[in-house]
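The values are calculated or read from the model by the stated rules, or taken from the named source; none is laboratory data. Since the model is a prediction, treat every value here as computed from it, not as a measurement. Here Cβ is always computed from backbone atoms with ideal geometry, including for glycine, and neighbour counts include all displayed protein chains. Note: accessible area is taken over every heavy atom of the protein model, side chains too, but ligands, DNA and RNA are not part of it. Shrake-Rupley method; radii C 1.70, N 1.55, O 1.52, S 1.80 Å.
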Amino acid sequence: MVNNYDWMKDFTFLDFAREVGKHITVNYMMAKESVQQRLNGTARDGLSFTEFTYQLLQGYDFLYLYQHYGVKLQLGGNDQWGNMTTGTELIRRTLGNEVETFALTCPLITKSDGKKFGKTESGNIWLDPARTTPYKFYQFWLNVSDDDAERYIKIFTSLEKDVIDALIEEHKQDPGRRVLQKRLAEEVTVLVHSREALDAAIEASNLLFGKATKEGLEKLDEQTFLDVFDGVPQFEISKDQLGQPAIELFTTVAPVFPSKGEMRKMVQGGGVSLNKEKIADQNRPITAEDLIDGKYLLAQKGKKNYYLLSENLANCQIFTTFATAFIDYWTMV
């Protein structure tokens with residue numbers, strides 16, 4: 001693996017214009033489809049000087065790699081075809097017609113919004129579990145559209161064609177079951193992470209829609225726990241607010257319920273849970289022992305309404321800052 005900065009960092013603009021720019025005409029660069037799309041207005045952002053000259057920079061990379069490493073083939077997505085052929089043309093014009101170099105492209109893999117998979121695009125997934133947890137990774141594939149699922153299962157899995165065809169047909173019979181998305185999510189999650197990671201992701205998914213327990217919540221690592229409940233209403237509480245009755249904490253401190261009357265009715269009807277366990281007594285104290293991972297409380301109202309309460313450590317931080325300053329002061333005295 002090499003870094004093109006190593007051979008570009010000492011290359012001045014004037015040297016580049018003289019040694020590289022003279023070999024490629026503006027007419028040649030203007031003829032590229034990507035340039036024409038920009039100039040003809042099909043791309044709304046216009047064409048910057050950087051984008052226009054980028055093909056020369058990428059072309060020089062190919063020339064340098066050929067001369068110093070014997071690289072004859074450049075691979076890339078089909079959106080890079082113009083830049084790559086500029087490289088082969090620069091090599092031919094610089095070193096002679098007898099030199100053979102090649103460019104090979106493949107179709108871009110796009111998402112349903114037409115954007116490609118890339119690190120600069122929003123909503124993308126990463127292979128690194130630190131960047132995208134197995135749970136989020138699994139959910140990404142599980143929630144793709146029907147059309148995308150049909151394309152992706154052919155691209156990202158090693159399933160046999162007859163298996164894929166059967167899955168597609170089964171999915172068309174009852175799209176609501178999302179057979180295609182489920183198999184796609186399972187295959188890719190196992191391939192990239194592991195079977196254990198898939199099982200954990202499915203178990204985490206069931207926390208929202210299936211039967212779950214406090215023990216199940218406590219098994220999750222903190223990031224996966226936060227991913228599962230990403231987007232639910234959140235409240236901050238301080239440790240000194242713990243110990244209060246549930247009806248006080250969930251109405252006055254953290255307004256999960258708009259009124260105590262509403263909470264009483266829902267508790268009586270069995271519709272209120274804390275950490276997936278039913279609250280039978282509205283006056284049940286909520287203590288530090290109820291905290292998940294020592295930080296969180298998960299309140300549930302009805303079947304689908306979740307609320308996340310997190311302990312606010314600001315008071316501890318203020319105390320620590322004050323104590324440090326106090327000690328420093330008396331040390332100086």
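Before moving on, here are some points about what is shown:
- The stretch 1-31 and the stretch 133-202 have Cα centres spaced 44 Å apart.
- Inter-centroid distance (Cα atoms) of the stretch 38-116 relative to the stretch 221-267, Å: 55 Å
- Cα-based radius of gyration of the stretch 1-159 once divided by 2.2 N^0.38 Å, which approximates compact folds: 1.26
- Cα Rg over Rh - the stretch 81-145, Kirkwood: 1.24
- Straight-line cross-link reach from residue 260 at under 12 Å between alpha-carbon atoms covers these aspartates and glutamates, not counting any fewer than eight positions away in the same chain: 248.
- Ranking by accessible area, most exposed first, for 152, 28 with a 1.4 Å probe: 28, 152
- Student exercise, the chain dipole from Lys, Arg, Asp, Glu Cβ charges, in Debye to nearest 20: 740 debye
- CD proxy at 222 nm, helix term only [per DSSP H run n ≥ 4: -39500 (n - 2.57); per residue of the chain; nearest 500]: -14500 deg cm²/dmol
- Those lysines that a straight Cα-Cα span of less than 18 Å connects to residue 303, excepting residues fewer than 8 apart in one chain: 211, 214, 265, 276, 278
- Value in Å of the Kirkwood radius, where the stretch 139-190 supplies the Cα pairs that are averaged: 10.6 Å
- In sequence order, calculated HN-Hα J values of the stretch 98-109 (Karplus, 6.51, -1.76, 1.60; Hz; x Gly/Pro): 6, 7, 10, 9, 9, 10, 10, 10, 10, x, 5, 9
- Residue 190 accessible area, 1.4 Å probe, all protein chains in place, Å² to nearest 10: 50 Å²
- Amide H to amide H, with H built 1.01 Å from N, residue 244 comes under 5 Å of 286, counting only residues 5 or more places away or on other chains.
- In terms of accessible area, using a 1.4 Å probe and ignoring ligands and nucleic acids, 23, 171 rank largest first as 23, 171.
- Taken about its Cα centre, the stretch 1-99 carries a charge dipole of about 200 debye when Lys and Arg each add +1 at the Cβ and Asp and Glu each add -1 at the Cβ.
- Values [x] 32, 26, 18; [y] 55, 31, 18; [z] 44, 21, 19 are given for comparison; semi-axes √(5λ) of the Cα gyration tensor in Å, derived from the coordinates here, is the one labelled [y].
- Across the protein chains, with a 1.4 Å probe defining accessible surface, the residues 127, 297 rank 127, 297 from largest area downward.
- Solvent-accessible area of residue 50 with every protein chain in place, 1.4 Å probe, in Å² to the nearest 10: 90 Å²
- Ligands, DNA and RNA left out, the 1.4 Å accessible surface of the chain is 53% carbon and sulfur atoms.
- Solvent-accessible surface of the chain, averaged per residue with a 1.4 angstrom probe and all protein chains in place: 61 square angstrom.
- Rounded accessible area of residue 18 (nearest 10 Å², 1.4 Å probe): 130 Å²
- Cα lying deepest toward the dipole's positive end in the chain, options 97, 78, 64, charges on Cβ: 78
- Pairs exceeding a 32 Å alpha-carbon distance, out of 116/172; 116/295; 22/115; 72/136; 219/301: 116/295; 22/115; 72/136.
- Considering only the chain, percent of DSSP beta bridges that pair antiparallel, nearest 5: 60 percent
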